[in-house]
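The values are calculated or read from the model by the stated rules, or taken from the named source; none is laboratory data. On a predicted model such as this, the values are computed, not experimentally measured, just so you know. Reconstructed Cβ throughout: ideal geometry from the backbone, glycine too, with neighbour counts over all protein chains shown. Surface accessibility is based on the protein's heavy atoms, side chains included, excluding ligands, DNA and RNA. Shrake-Rupley method; radii C 1.70, N 1.55, O 1.52, S 1.80 Å.
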Amino acid sequence: MLAAEDLAAICGIVETESARQMNIVIENLISPQFRTLAEGQSVRLEKLAPRNRVEELEAEVELLKSVIRLHSAEIAELKKAQ
C-alpha cells in the first residue's frame, strides 16, 4: 500500500494537473467569449443615443403632447360653436 506521504504527493500532482487544465480551458474558451461579449457591448453602446439627447427628446415629446391636447380642446370648442 501507499504511504500517506505518497498519497499526498499524488493528490498534489492531480490537483496541479486539474488546475492547469482548468486554466487552459479558461484561457482558450471562456476568455475569448468574454472578450467577444465585451466587444459587442461596446458596439451597442456606441450606437445608443447619448443620455442627454434622450432626455431632450423626452422633454420635446411631452411639450408636443401638451400642444396636441390644447389644440384638440380648441378644435372641439370650435366645432361646438358651429
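Results, tabulated for the structure shown:
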| quantity | calculated |
| --- | --- |
| Volume in Å³ per residue [convex hull over Cα atoms, computed for the chain] | 194 |
| Alpha carbon centroid spacing (whole Å) that separates the stretch 34-54 from the stretch 1-29 | 41 |
| The chain - percent of accessible surface contributed by carbon and sulfur, probe 1.4 Å | 62 |
| Options Gln33, Pro50, Val61, ranked by Cα towards positive dipole end of the chain, top entry (Cβ charges) | Val61 |
| Accessible area per residue, Å², the chain with all protein chains present, probe 1.4 Å | 95 |
| Dipole moment magnitude, nearest 20 debye, the chain about Cα centre, only Lys, Arg, Asp, Glu C-beta charged | 740 |
| Over the chain: helical MRE at 222 nm, DSSP H runs n ≥ 4 each giving -39500 (n - 2.57), nearest 500 | -30000 deg cm²/dmol |
